[in-house]
Amino acid sequence: MLDDFLVRAALAGLGLALAAAPLGCFVAWRRMAYFGDATAHAAILGVALSLALSLPIVAGTLGVALIMALLVATLSERGLGMDTVLGVLAHSALAFGLVAVTFVPGVRLDLSAYLFGDILAVTRGDLAVIWSGAAAVIALLAWRWQALLTATVSPDLAWASGIDPRREQRILTLALALAVAVAIKVVGALLVSAMLLIPAAAARPFARSPEAMAGIAAGLGALAALGGLWGAYVFDTPAGPSMVCAAAILFAVTTVLRRLTG
Amino acid sequence: MTLIEATGLHVSLGGHEVLQGVDFAIAPGEIVTIVGPNGSGKSTLLRTLIGALKPSAGRIRRKPGLRLGYVPQKLLMDPTLPMTVMRFLSLPRRVPAEERRAALAEAGAEALGERPMSGLSGGQFQRVMLARALLTRPELLLLDEPTQGLDQPGSAAFYQQIEHIREHLGCAVVMVSHELHVVMSASDRVVCLNGHVCCQGHPEIVAQAAEYRALFGTGTHGALALYRHEHSHVHDETCGHDHAAAQAPKAAEAG
């Protein structure tokens with residue numbers, strides 16, 4: 001069954017969607033959308049470094065995404081505004097990544113595979129990486145769920161309950177770096193944030209609790225992944241962007257439905 | 001045995017030293033009201049006591065295993081986070097539903113369980129926060145301007161509730177108030193803060209006199225009292241507030 005490239009693509013998309021949706025809820029609740037972007041853009045620099053050093057792509061993207069997150073945290077503690085820090089770092093990392101790739105000897109690289117994903121070329125090995133990364137993200141979130149929620153509601157309430165909100169932030173950062181490393185093959189660095197945020201936003205109108213929102217988001221994300229893949233197959237469109245389009249259509253539908261049903 | 005003891009506390013926020021050499025301690029069952037003008041460091045002191053801010057100098061000693069209940073002024077919760085009152089009460093520790101309902105009832109918010117947190121009024125929010133604080137069976141309850149936005153009868157009712165909770169749980173209470181002169185009458189001690197502790201003492205219970213009834217309104221059932229500031233020192237110009245002008249009307253006459 002895994003010999004079929006469409007089946008592998010569907011499994012890859014599902015793995016990403018199931019991990020990205022609950023993580024995306026936290027990204028939305030904590031207003032970290034731009035942070036997700038910065039981490040994802042940095043991944044291109046990670047791709048360049050991996051190719052230059054002959055490391056696995058996952059290791060490079062994960063490493064650079066983590067360094068990026070640490071840099072953001074340090075610079076924003078020094079008193080620069082968060083948007084400014086992220087704006088500077090996200091685009092710098094992307095630009096340096098795009099430039100660095102051209103220095104890699106001997107590789108005439110099709111960068112669009114990393115910018116927009118190449119889900120139809122997913123191998124069995126890629127699948128193993130995607131599903132273990134996704135499982136790690138889900139495990140991290142499940143383990144820290146209550147503490148993460150408390151710190152998201154209010155860092156001061158977390159402190160008063162004996163929870164260090166900075167630690168929860170670091171755990172979320174780690175989960176985000178993992179998700180980016182996993183997603184780069186599926187939807188690419190430029191559309192990672194979309195798979196994080198759009199299912200979460202689409203789930204919001206019908207969610208009454210944080211858990212329900214994460215669950216609905218995971219379902220909608222899976223639907224978007226499969227629907228996008230089907231669209232890509234039928235209309236012969238690029239798979240990664242098609243998945244994001246499917247997610248966007250779902251967002252529009254749930255938002256309108258909510259309006260209509262009051 | 002004090003619950004929490006801060007000595008020589010210095011705290012800086014964004015390069016500005018908000019607290020300079022503050023000593024503060026609270027004993028079990030004690031009710032302390034902290035008053036002071038805006039920017040005097042009242043909330044900063046509270047946030048330092050719960051561990052959210054690190055002092056640049058000085059030390060804080062807590063009774064080991066101290067159970068804290070903290071009621072912040074407000075929460076900046078993103079509207080994309082769906083959270084009912086009942087769900088909120090289960091953070092971070094999961095609490096059985098009947099315990100949560102009992103805490104809501106104790107805080108006078110029994111009807112609010114299924115309401116979203118984002119749709120609460122100021123007074124409702126305070127009661128929900130109080131219910132959450134009660135769930136920890138606190139030994140020390142810290143409240144940051146809990147009566148902000150309440151009128152005088154509302155404040156009086158809230159103070160009576162706090163007094164009732166203190167009697168019921170035997171917990172100590174630290175309350176911050178922006179009101180310089182009218183404080184909760186059950187306060188054992190009032191601390192006037194302005195970067196440092198300016199003065200402290202007992203509030204004056206004056207509920208009987210007609211002139212104070214005019215000041216407090218009727219129907220407060222003796223929940224409010226006056227605090228007479230007794231500063232033994234004079235600030236120089238850099239201090240930014242005028243202690244003489246901050247005297248209670250009665251104290252000014254008496255002086």
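The values are calculated or read from the model by the stated rules, or taken from the named source; none is laboratory data. Every value quoted in this text rests on a predicted model; they were computed, and no experiment measured them. Don't worry about glycine lacking a Cβ; one is built from the backbone with ideal geometry, like all the others, and counts go over all protein chains shown. The area values use the complete protein model at the heavy-atom level, side chains included, leaving out ligands, DNA and RNA. Shrake-Rupley method; radii C 1.70, N 1.55, O 1.52, S 1.80 Å.
For residues that are in a loop (DSSP other than H, G, I, E, B) and within 19 Å of A:Gln146 (Cα to Cα), scanning just region B:49-71, find the one that is nearest to the other protein chains (Cβ to nearest Cβ).
Filtering region B:49-71 for residues that are in a loop (DSSP other than H, G, I, E, B) and within 19 Å of A:Gln146 (Cα to Cα), the one nearest to the other protein chains (Cβ to nearest Cβ) comes out as B:Ala52.
Is it true that A:Thr123 is open to solvent by 10 Å² or more (accessible area, probe 1.4 Å), among the polar types (S, T, N, Q) and either in contact (Cβ under 8 Å) with a residue 12 or more places away in the chain or farther than 30 Å from B:Leu46 by Cα (or both)?
Judged against the criteria, A:Thr123 is a match.
Determine, yes or no, whether B:Leu68 is open to solvent by 10 Å² or more (accessible area, probe 1.4 Å) and at pLDDT 90 or above. Give the derivation first.
Details: open to solvent by 10 Å² or more (accessible area, probe 1.4 Å): yes; at pLDDT 90 or above: yes.
Yes: the conditions hold for B:Leu68.
Does A:Ala212 count as open to solvent by less than 10 Å² (accessible area, probe 1.4 Å) and either more than 28 Å from A:Thr123 (Cβ to Cβ) or under 11 Å from the mean Cα position of the chain (by Cα) (or both)?
no
Given the criterion within 25 Å of B:Val128 (Cβ to Cβ), in contact with a Ser or Thr (Cβ under 9 Å, 6 or more places away or on another chain) and either at pLDDT 95 or above or not in a loop (DSSP other than H, G, I, E, B) (or both), identify the matching residue among B:Val32, B:Val22, B:Val18. First the steps, then the outcome.
Details: B:Val22 fails: within 25 Å of B:Val128 (Cβ to Cβ); B:Val18 fails: within 25 Å of B:Val128 (Cβ to Cβ).
On inspection, the qualifying residue turns out to be B:Val32.
Out of region A:190-201, which residues are more than 11 Å from chain B (Cβ to nearest Cβ) and either open to solvent by less than 10 Å² (accessible area, probe 1.4 Å) or modelled with pLDDT under 95 (or both)?
A:Leu190, A:Leu191, A:Val192, A:Ser193, A:Ala194, A:Met195, A:Leu196, A:Pro199 - these are the residues of region A:190-201 that are more than 11 Å from chain B (Cβ to nearest Cβ) and either open to solvent by less than 10 Å² (accessible area, probe 1.4 Å) or modelled with pLDDT under 95 (or both).
Checking the conditions here, which among B:Leu68, B:Leu112, B:Leu53 is in contact with a Leu (Cβ under 8 Å, 6 or more places away or on another chain) and within 17 Å of B:Ala25 (Cα to Cα)?
Checking each option against the conditions leaves just B:Leu68.
Give the residues of region A:19-33 that are among the aliphatic types (A, V, I, L, M) and either farther than 10 Å from A:Pro199 by Cα or within 10 Å of another protein chain (Cβ to nearest Cβ) (or both), sorted by residue number. Steps first, please.
Taking region A:19-33 first, the residues among the aliphatic types (A, V, I, L, M) are A:19-21, A:23, A:27-28, A:32-33.
Result: A:Ala19, A:Leu23, A:Val27, A:Ala28, A:Met32, A:Ala33.
Does at least one position in region B:32-46 carry a residue that is within 12 Å of chain A (Cβ to nearest Cβ), among the aliphatic types (A, V, I, L, M) and open to solvent by less than 40 Å² (accessible area, probe 1.4 Å)?
Yes, that holds for at least one residue.
Can you tell me which residues in region B:155-178 are open to solvent by 20 Å² or more (accessible area, probe 1.4 Å) and either touching a Phe, Trp or Tyr at 6+ places or on another chain (Cβ under 9 Å) or outside any loop (DSSP other than H, G, I, E, B) (or both)?
Within region B:155-178, B:Ala157, B:Gln160, B:Gln161, B:Glu163, B:His164, B:Arg166, B:Glu167, B:His168, B:Leu169 qualify.
Does region A:62-72 contain at least one residue that is open to solvent by 30 Å² or more (accessible area, probe 1.4 Å), among the β-branched types (Val, Ile, Thr) and farther than 30 Å from A:Thr123 by Cβ?
Looking through region A:62-72, none of the residues is open to solvent by 30 Å² or more (accessible area, probe 1.4 Å), among the β-branched types (Val, Ile, Thr) and farther than 30 Å from A:Thr123 by Cβ.
Starting from residues that are open to solvent by 10 Å² or more (accessible area, probe 1.4 Å) and facing chain A (nearest Cβ under 10 Å), keep the ones in region B:131-151 and report whichever is modelled with the lowest pLDDT. I'd like the intermediate steps shown before the answer.
Pass one, region B:131-151, residues open to solvent by 10 Å² or more (accessible area, probe 1.4 Å): B:132, B:135-137, B:139, B:145, B:147-151.
Then keep just the ones that are facing chain A (nearest Cβ under 10 Å); that gives B:132, B:136.
Values: B:Arg132: 92, B:Thr136: 87.
Filtering region B:131-151 for residues that are open to solvent by 10 Å² or more (accessible area, probe 1.4 Å) and facing chain A (nearest Cβ under 10 Å), the one modelled with the lowest pLDDT comes out as B:Thr136.
Tell me, which residue of region B:97-112 that is open to solvent by 10 Å² or more (accessible area, probe 1.4 Å), more than 14 Å from chain A (Cβ to nearest Cβ) and of a type outside the set (D, E, K, R) is nearest to A:Ala21 (Cα to Cα)?
Ranking the qualifying residues of region B:97-112, first place goes to B:Leu112.
Just a yes or no: is a residue in region A:215-230 away from every other protein chain (no Cβ under 12 Å), among the aromatic types (Phe, Trp, Tyr) and open to solvent by 50 Å² or more (accessible area, probe 1.4 Å)?
yes
I need a count of the residues in region A:90-120 that are open to solvent by less than 70 Å² (accessible area, probe 1.4 Å), over 22 Å from A:Leu70 (Cβ atoms) and out of contact with any helix residue (DSSP H, G or I) (no Cβ under 8 Å at 6 or more places or on another chain).
Result for region A:90-120: 1.
Just a yes or no: is a residue in region A:143-165 open to solvent by 50 Å² or more (accessible area, probe 1.4 Å), under 30 Å from A:Pro238 (Cβ atoms) and either within 16 Å of the chain's Cα centre (by Cα) or at pLDDT 85 or above (or both)?
no
Give B:Pro28, B:Pro96, B:Pro37 a once-over and let me know the one that is under 22 Å from B:Arg132 (Cα atoms) and in contact (Cβ under 8 Å) with a residue 60 or more places away in the chain.
B:Pro28
Can you name the residue in region B:81-96 that is assigned to a helix (DSSP H, G or I) and within 16 Å of A:Leu157 (Cβ to Cβ) and, of all such residues, is most open to solvent (accessible area, probe 1.4 Å)?
The extreme case among them is B:Arg87.
Can you list residue pairs whose Cβ atoms sit under 9 Å apart, with the first residue in region B:74-93 being facing another protein chain (nearest Cβ under 7 Å) and the second being polar (S, T, N, Q) and part of a loop (DSSP other than H, G, I, E, B)? Count only pairs 6 or more apart in sequence or on different chains.
Note: pairs meeting the criteria are B:Leu75/A:Ser154; B:Met77/A:Ser154; B:Pro82/A:Ser209; B:Met83/A:Ser209; B:Thr84/A:Ser209; B:Arg87/A:Ser209; B:Leu91/A:Ser161; B:Pro92/A:Ser161.
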